[in-house]
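S.K.: Quick one: the structure is below, questions incoming.
Readers should treat all values here as calculations from the given coordinates under stated rules, not as data from a laboratory. Because the structure is a prediction, the values reported are computed rather than measured. We place every Cβ from the backbone using ideal geometry, glycine too, and count neighbours over all the protein chains shown.
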Amino acid sequence: MILPVLYISDSTEKGRGVFTSADIPANTTIEISPVIVLDKTDRKIIDQTKLYYYIFEWGKNKKKGALGLGYVSMYNHSYNANCEYEMDYDTETISIKTIKKINTGEELFINYNATPDDASPVWFNAK
């Protein structure tokens, strides 16, 4: 499920990102998409490719990886995120939900640290 008002477009400094063509209220689930789960061996291989920047750590011990389908892997990172994500390991899905009102034309961001206000350095800055 992806809200029909979402679209992919050029992001000012981050390549492409997810935007909205209509206002979206806070606390709205805007996407629930399946993921492709990567075991430890596959993840080590993927970590050596461009896909490294698009996967999520997966599983309770975070040893696996997951590539989000739908728009999930296209949301850019911000320490001032306007959305949050939730992983469901049983159904192998990731849900994206707004945490504040988002205006028409605005880009939607998640914090790659999994918590919207977590200011810890993100992993790709260390690579």
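S.K.: Does any residue of region 16-32 turn out to be more than 17 Å from I2 (Cβ to Cβ) and out of contact with any Ser or Thr (no Cβ under 9 Å at 6 or more places or on another chain)?
M.R.: No, the conditions are met nowhere in region 16-32.
S.K.: Among the candidates S78, S33, which residue alone is small (G, A, S), farther than 21 Å from G15 by Cα and in contact (Cβ under 8 Å) with a residue 12 or more places away in the chain?
M.R.: Among S78, S33, only S33 is small (G, A, S), farther than 21 Å from G15 by Cα and in contact (Cβ under 8 Å) with a residue 12 or more places away in the chain.
S.K.: Could you grab me the full set of residues in region 47-58 that are crowded, with 16+ Cβ neighbours inside 10 Å and either farther than 15 Å from I96 by Cα or of a type in the set (V, I, T) (or both)?
M.R.: I55, W58
S.K.: Can you name every residue in region 15-46 that is part of a loop (DSSP other than H, G, I, E, B) and either exposed (fewer than 14 other Cβ atoms within 10 Å of the Cβ) or among the hydrophobic types (A, V, I, L, M, F, W, C) (or both)?
M.R.: S21, A22, D23, P25, A26, N27, D39
S.K.: While we're on this one: So for region 18-25 (the condition being out of contact with any strand residue (DSSP E or B) (no Cβ under 8 Å at 6 or more places or on another chain), under 14 Å from T98 (Cα atoms) and hydrophobic (A, V, I, L, M, F, W, C)), does at least one residue qualify?
M.R.: yes
For (1) in contact (Cβ under 8 Å) with a residue 12 or more places away in the chain; (2) among the β-branched types (V, I, T); (3) under 21 Å from I8 (Cα atoms), each residue gets a yes or a no:
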site: D39; (1), (2), (3): yes, no, no
site: Q48; (1), (2), (3): no, no, no
site: Y54; (1), (2), (3): yes, no, yes
site: G59; (1), (2), (3): yes, no, no
site: K64; (1), (2), (3): yes, no, no
site: G68; (1), (2), (3): yes, no, yes
site: Y71; (1), (2), (3): yes, no, yes
site: Y89; (1), (2), (3): yes, no, no
site: P121; (1), (2), (3): no, no, no
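S.K.: Still on this structure, I have one more. In region 77-99, which residue that is among the hydroxyl-bearing types (S, T, Y) and assigned to a strand (DSSP E or B) is farthest from K64 (Cα to Cα)?
M.R.: Across region 77-99, the extreme among qualifying residues is T98.
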